[in-house]
Structures are given as structure tokens and as C-alpha cells.
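Everything below concerns the one structure shown next.
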Amino acid sequence: MRKHWIVQASRAVVFCLLVIGVLPPTNGAQDRAALMKQASIIFRGTVKKKGDVSFKGVPKSDRTIVVVVEEVIQKPSAVLLSKGAQVTVDAIDAAALSAGSSFVFYTEGWIYGSGVAVREIGHEAAPVRTAELAEPMRAQLEQTRKEMSDSELRSRLDAADIVVIGQVTAVHPWNPPSLVATRPRISEHAANWQEAVIRVETALKGAPADHEVVVRFPGSWDIAWASTPKLQSGQSGTFILQKDKITGVPRAALAGRPVDAHTALKPGDVLPIGEAQRVRALLRKE
Amino acid sequence: MRTTLLLGLSLLSSLILGCPPASNVNPGSPSNPGPATTLPVVTLVDIIPESLGGETNQDSEPFLAAHSDPNVLAASAFTPNPSGASSSTAPIFISLDGGDTWTLNAIVPSAAMTCDITQAFGGTAVNLPRGTLYNGILRNPCSNGTTLRELDTPDIASSAPMAVQNSRDDVDQPFIQVVQFQNKDHIFIGNNDFGGPNGRTATLDLSTDGGSTYQPIRLEKRNTNPSNAPSIRPTVAKDGTVYVAFFGWRSFSGDATSGTATSDIVVVRDDSGGTSVPPFEALKDPSDNVAGRLVATGRTIPWANPWPNPGPLGQERIGSSLSIAVDPNDSKTLYIAWADRSGSDIYTLHLRRSVDRGQTWSGDLRTLSNATNPALAIAENGTAGFLYQQVTGSGGTARWVTHLEQTRDAFAHIKDTVLANTPANEPPMKGLPYLGDYNYLLAAQGEFRGIFSANNKPDPANFPSGMPKYQRHVDLTTRQLLDGSGNPVDVSIDPFYFRVSVLQ
């Protein structure tokens, strides 16, 4: 229903453009931002053929259209897509996309082969004066990316129990006692838990009672864990930490004293020290 | 004509480059190539699509499924969704022309990629030109324990995500086989289920109704310590005989990063497609009259899943490498291959055969130093195929050599096809597994078809049986991978599909 609404809104944008020949109005920009947040591949192109596909291996249907790319606005770095390429679009409503018309397509990848096939998330009419749109769109894209990045970081800050600037002073293996007491679990996906001690220089959220924090993280390089942070002794950074709800052992020992144990499990949970100012600013807005 | 051309090109490249010929006798194997003397025809394809020519992923642990239409294939690997980490689906590779070209379609319901994946087409697929495909996966994220998902789709090229038929937590390494009996797809998914009682974790999930329902069957009847190993491997003959091979760990010292197991190699059998009551108790060991024939006992098996250093075998981890294959037309005959440690080897592959439904087993028919990733298959004419990857040399000159051996006489004579011979130190490991905890081989249409992962540098010296077909952009003069703009792309690990004609 929402996607249909977006297409309908895009049709309204087409009408505006045809009438006044200028950029979409503010509402269009807001729609665009919403589309940008969902799309991984964004391009401007002209519908060449309907009910067809652009390369072997893509099933042809009434929904598929072939679009000639005029400008690539956003794509994953590994994907080869450039001006002049023919893309198959699995359209939400192919009837709304007449041959010969130009649109900006907001899409996600579908099939990658000798070419690219994408699933439409939404579209809007391409501007009559393309050059005038390109820069504002790029600026909006950059702004949207920054907002998405800030929004994602802010969500993690909201969910964090403590946020600290500090330095890792020690790392050592740690086995959950439950696994030691029962049968050890020998799996290639085992986390290989490590405990790190972070000396806190500045507490940005949830000031810890001590000047040190115990952080657990998976040491494993297995595919299940390869992208999680791997802390190293001497490493400085901004650490976004949650209380340990994973291992079943919420407390740790620090110089013989029981303390809360924390975890760092996502790639963004450990940021370079240079990100501290951005983190501070986002926390201030809370 | 095509055959002649390929053979000619292969032999020509061998002469020019000083490489071994397309198919040769392994120096370590019997010198007589055996009853069949014609060279197998080899087709090799790097399955990374052209439009992903900028990727540098470590696309390890490949697997392959073949539809009843020989043109339709589905492959998988640890390949992420190109759309990024926030994607809700993981991709599979699809070929609709017998493996000559491949596309990537993100329809597996797992965030961006999986933590394990195998797949097989159903027998009823004949009515569905691009399906039914069944998958056993560990869904991502894996951080809250590994979750088995059993999936299906009627069309691998559709844009709709595969349906989740069944799901269970705390399970490892699903390994799928599908055979049609009485017009219904019977699905066999070997898995290491940590919910198994008392460490008896070797499990087979069986569906006799095309995946509508699954029943987990516990296979291990002896005590383990602490559990069975990850590899639980089923194989099914046309007459409904099902064998499953697994490691019975009897002791283990160390931990999940480094240790040593003392293990039996166990085979169980069911003569009614897994539906006997009780199931999988048809084959008992004479030593204790317990279900599960002990093919070998008390073997020392190293477990090395290190951090932060690379794995010990050409950067690869080791610890659970196993394959079994039954003759589809003669369920008395089956082969098994496993890896343990013999002598000063890092890892040693062994291959044995039974010709009496698993009751007695040969000694080693093949013993290969520092080799892993065994994959066995038996063709319609009884020819056995044995795919494996072996490290040769050491240090900076170490190589990963990928072999496909064929035999018609229980490996008394061998036709060895070297599919790849690539540097073992390049590219550097980005995670584990480096090449995979397994690869795969199957027999179809008079061919052995299989898949393995290897260094993707387009260098003829790395591919003695002939250069692979690259879909991604390459410059064969400079031996470089290129992006769409002509810029060099770093060497990485890619999945390679192959077809090799079966010895007649």
C-alpha cells in the first residue's frame, strides 16, 4: 500500500514537472528522502521496452521493463553499472512507466548477471532540466546519507548502557562458566569469547562506577563473527557498550571485584577516537 | 567439434605454458591410467557474474545443486548480498544453461548472507522448470546461536524470498540431499544438533512430504565426548537405501579454537528411505552390536579454528572433513572419505570402499597428505569421482591444488584432473573458512559436476586443465581482474563450477 502511495505521489510529481518544468516541490523532496533510505541502487534512465528483460537469466513478465541508464546516482561499490547500461526493472506498476519516458528509479538489487536487474521501490519523473536536478539531488542524497548514519548511530547510542572514550589495557580469553561446567561446545561457529578491560578516560553515557570497564567480544574469525569488533590491547576509541545479555553471565571480575560485564558485538560499537565529538553531539540532542 | 576444440586449447596451453596437460596421472598414484584412456573434457567457470566484477569477497564454502533439467543449476557460497549488510536476504547463484553462465539472485531469507548453506532440487522439479529448490541454512545473524532454516522455492529465478518450512535453534552445518520416492520429495538434512541428548548430536532431519513436516532423527547410539563433529553427511540410492556418515568423537582435549579429538568414523544405514522403525539401525558394528558401523576407530583428528592467525592448512581451518557417496544404482557399493592426522601431516585424507552395504570396509584406497574438502560422487555407470584440495609446498611457495580423480576399479587406477593450482598464501584470509569446510561433487548427464573455491587470479599457470571462463572482466595479458572501467581489482576467493566428462 505504501509503495503504491509512493508511485501515486510520483505521478503527481510528473504532473508538476510537466506543468512547470522545475524541480519537485518540497513534498516530493520528502518522498525522495524516504525512497533514498530504502534504495541501494538509484539511477536515472529512459524506459526502452516494456514486458522485456535486458539479459539472460531474468524471467520476463508484464512487470519487467528495460531501462537505459543515463546517470547512476547510487550503487554498491562491487556492482558494475554505468551510463548507457540497460537495466531490467521489476516494476511495481509497469503501466505507469511509458516507453520513451525518463524517470529516477529507486531500487534494490534483484538479479546480477551479465547485467543488473532491480526491484523497484519507487520512481519519480526525471527533471526536464536534468542538470538542474543533478546537484540538488546529490546534495539531498548526501544529506540523507548523513541523516541515516546519524540516525543509525543515535539508535545505537539510545540502546547502549554505557558510552565511553577510553583505551583497551588488556585482552584475555574468557569462557562462560556454564560451558566449562557442562559439555564444551565444539563448533566452527563458536564465538571464542574474549574479555577486554577498557580504561575510561571520559564517560559519555551511563558513567561506570569504576574507571575501568570489562567488555566481552567474540574473538572468532568464523563467518558468523568475522565482522564483529576485535579489540586489541592499546587500542583507543569510542566504545558503545551494552550490558552482557548474550553469554548468560552478566557479571565479571575486575581486580577481584564483581562488576557488570558489557559486550561489543556490532561493527559500529567501536568507533575511532575521532568520532567522539559526533557522538557527544548526538548524545546532547537526546 | 566443441570437445575437440577444448581439448586442443587445453593441450596447446599446456605446451606453451609448460603446465601439466589437461588431465594427467597423479605422480603419487598408479602409473597406468586405467581401462579408459581418453582425456576427460573439462569446463571450468568462475561463477561471479560480470556485473559484480568489482567484488573482492572471500566467496568460500561452495555448494551445488542440479535440477532434473540439466541446464538448471543452483550454487551457493559465503557470498554476501551485493546490496549491503542491511539486506534482508542472502543470494544464491543460478545457471539456466548448464553452468556456462551464472546469475546471482538474493532470495534466501537470511540477513545479507548465511552462516552455512546447502541446497538440492526436488524430484518433482521436473514440473517446475526452475524449482523446486530446497535449502538448509544457518540464518544470519548467528550471534544468538545458530538457527537452522529449511527452505523451499518453486522458482529460483523469482524475486520472492524462499519460504521457511521449518526452523530450529542451536544447530550446525545443515547438509542436504533430496530424492524422490513415490512421487514425493524426501529431504534428508544432516546436521549437528546441540539439542541432542548427552552430546549425541549427530542428527538427520527427514521430510517425506516435500518439506511440509520434518522429523529429527538422532543417529549416534554411543557415548560421545563432548559431542559429534559438525559434518553429518547423508547419501541416498535410488532403491531407498540411505547411509549417513559422521564422526563419533570419544574424547576431545582443547577448546573450540584448538584441540585434538579421538574419533570413530561411523556409518549408519536405513533400508527404507529413513522410515524404518526404528530408523537407521540396519547396520550394526560387530564389536558391540550397536547401530553404526565403525569404519575406523580411535583416529586422531586435529581441530584448529584459530584466532587471530590464519588456519594451519594453507590458511584454512581444519577439524571436520567428511564425505560419503553410494552408487545410485547399486546400493551395496559406497565410498567414504575423511580427514584426520597421520604421522607428521597437518591433515590427512583417507578414502575407503564397501561393497556389502557398509558391513565391511577396505583399507585406505587413497591416503593424501595435507588435503581436505573431500567430495565423493558415483556416476550412473559406476565410475567414482573424488574431489579434494591439497596443499603442496610450504611457506611462500605453498599451493592449493584442486583435484578431481576418477576411477572405474576402486582407485586401482586413477584419472586425475587438476582443476586448479593456486597460491596458498594469496589472498590473505579475511575470515574462516578460507576456501570452505566443504565443497561439492555430483554426477549428472554423463558428467561429474562440482564446485570449489580458489584464488581467482586469471593466470593460466593456475589452471592446468585450461583457463576458466570468467564472467567478470579480466585482462589475460596482464593477468589481472578488472572493474567495468578497466581499473585493477584485487585477487580474492571465488567459487568455480566445473563439468568433467565421466570415464566410460
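The values are calculated or read from the model by the stated rules, or taken from the named source; none is laboratory data. Just so it is clear, the structure is predicted and the values come from calculations on it, not from any experiment. Here Cβ is always computed from backbone atoms with ideal geometry, including for glycine, and neighbour counts include all displayed protein chains. To get the accessible areas, we keep the full protein, side chains included, count just its heavy atoms, and leave off ligands, DNA and RNA. Shrake-Rupley method; radii C 1.70, N 1.55, O 1.52, S 1.80 Å.
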For B:Ala77, are the conditions met, namely being touching a strand residue (DSSP E or B) at 6+ places or on another chain (Cβ under 7 Å), crowded, with 24+ Cβ neighbours inside 10 Å, within 19 Å of B:Tyr438 (Cβ to Cβ) and more than 11 Å from chain A (Cβ to nearest Cβ)?
no
Does B:Thr262 satisfy the condition of being open to solvent by 60 Å² or more (accessible area, probe 1.4 Å) and either aliphatic (A, V, I, L, M) or touching a residue at least 24 places away in the same chain (Cβ under 8 Å) (or both)?
no
Selection from the range B:162-178 of residues that are touching a residue at least 40 places away in the same chain (Cβ under 8 Å) and open to solvent by 40 Å² or more (accessible area, probe 1.4 Å):
B:Val164, B:Gln165, B:Asn166, B:Arg168
Identify the single condition in (1) facing chain A (nearest Cβ under 8 Å); (2) assigned to a loop (DSSP other than H, G, I, E, B) that B:Asn105 does not satisfy, given that it satisfies every other one.
(2)
For the range A:39-53, state whether one or more residues are closer than 29 Å to B:Gln58 by Cα and basic (Lys, Arg).
no
Restricting attention to the range B:212-231, which residues are more than 20 Å from B:Asp116 (Cβ to Cβ), assigned to a loop (DSSP other than H, G, I, E, B) and more than 14 Å from chain A (Cβ to nearest Cβ)?
B:Ser212, B:Thr213, B:Lys221, B:Arg222
Just one of the numbered conditions (1) in contact with a helix residue (DSSP H, G or I) (Cβ under 7 Å, 6 or more places away or on another chain); (2) modelled with pLDDT of 95 or more is not true of B:Thr56; which one?
(1)
Please enumerate the residues belonging to the range A:46-80 that are more than 11 Å from chain B (Cβ to nearest Cβ), open to solvent by 50 Å² or more (accessible area, probe 1.4 Å) and closer than 23 Å to A:Ala33 by Cα.
A:Glu70
Number of positions in the range B:36-89 that are in contact with a Lys or Arg (Cβ under 7 Å, 6 or more places away or on another chain), closer than 27 Å to A:Ala85 by Cβ and assigned to a strand (DSSP E or B):
2
Within the range B:232-287, which residues are closer than 16 Å to B:Gln359 by Cβ, acidic (Asp, Glu) and either assigned to a loop (DSSP other than H, G, I, E, B) or touching a Cys at 6+ places or on another chain (Cβ under 9 Å) (or both)?
B:Asp271, B:Glu281, B:Asp285
Those residues of the range B:482-498 which are in contact with a strand residue (DSSP E or B) (Cβ under 8 Å, 6 or more places away or on another chain), touching a residue at least 24 places away in the same chain (Cβ under 8 Å), open to solvent by 20 Å² or more (accessible area, probe 1.4 Å) and not β-branched (Val, Ile, Thr) amount to B:Leu482, B:Asp483, B:Asp490
Would you confirm, using the coordinates I've provided, whether A:Thr228 is in contact with a strand residue (DSSP E or B) (Cβ under 8 Å, 6 or more places away or on another chain) and more than 9 Å from chain B (Cβ to nearest Cβ)?
no
Which one of the conditions (1) open to solvent by less than 30 Å² (accessible area, probe 1.4 Å); (2) at pLDDT 95 or above; (3) touching a strand residue (DSSP E or B) at 6+ places or on another chain (Cβ under 6 Å) does B:Lys221 fail to meet, given that it meets all the rest?
(1)
In the range A:130-157, residue modelled with the lowest pLDDT [restricted to those that are of a type in the set (A, V, I, L, M) and within 20 Å of A:Lys266 (Cβ to Cβ)]
A:Met148
Condition set out of contact with any Asp or Glu (no Cβ under 7 Å at 6 or more places or on another chain) and in a strand (DSSP E or B), scope the range B:117-139, selection most open to solvent (accessible area, probe 1.4 Å): answer is B:Arg139
Looking at A:Lys37, A:Lys83, which is the one that is modelled with pLDDT under 95, within 14 Å of chain B (Cβ to nearest Cβ) and touching a helix residue (DSSP H, G or I) at 6+ places or on another chain (Cβ under 7 Å)?
A:Lys37
Is there any pair with a first residue in the range A:47-65 that is under 15 Å from B:Asn105 (Cβ atoms) and a second that is basic (Lys, Arg) whose Cβ atoms are under 6 Å apart and which are 6 or more apart or on different chains, and what are they?
A:Val53/A:Lys60
Residues within the range B:342-384 that are over 26 Å from B:Thr118 (Cα atoms), open to solvent by 40 Å² or more (accessible area, probe 1.4 Å), in contact (Cβ under 8 Å) with a residue 40 or more places away in the chain and not in a loop (DSSP other than H, G, I, E, B), tallied
0
Applying the selection to the range A:208-225, what residues are of a type in the set (Val, Ile, Thr) and at the interface with chain B (Cβ under 7 Å from one of its Cβ atoms)?
A:Ile223
Scan the range B:86-102 residue by residue and report those that are among the polar types (S, T, N, Q), closer than 17 Å to B:Tyr497 by Cα and open to solvent by 10 Å² or more (accessible area, probe 1.4 Å).
B:Thr101
Is the range A:232-240 home to any residue that is open to solvent by less than 20 Å² (accessible area, probe 1.4 Å), within 24 Å of the chain's Cα centre (by Cα) and within 12 Å of chain B (Cβ to nearest Cβ)?
no
The residue from A:Ala203, A:Ala264 that alone is open to solvent by less than 10 Å² (accessible area, probe 1.4 Å), within 17 Å of A:Leu157 (Cβ to Cβ) and at pLDDT below 95 is A:Ala264
Which residue, of B:Ser320, B:Ser331, is on the phi < 0 side of the Ramachandran plot, touching a residue at least 24 places away in the same chain (Cβ under 8 Å) and buried (at least 24 other Cβ atoms within 10 Å of the Cβ)?
B:Ser320
Go through B:Thr333, B:Thr360, B:Thr402, B:Thr372 for me and flag whichever is out of contact with any helix residue (DSSP H, G or I) (no Cβ under 9 Å at 6 or more places or on another chain), more than 25 Å from B:Val268 (Cβ to Cβ) and modelled with pLDDT of 95 or more.
B:Thr402
Strands (runs of 3 or more DSSP E) enclosed by the range B:395-481 - at least 2 residues per element that are among the aliphatic types (A, V, I, L, M) and open to solvent by 20 Å² or more (accessible area, probe 1.4 Å):
B:440-444
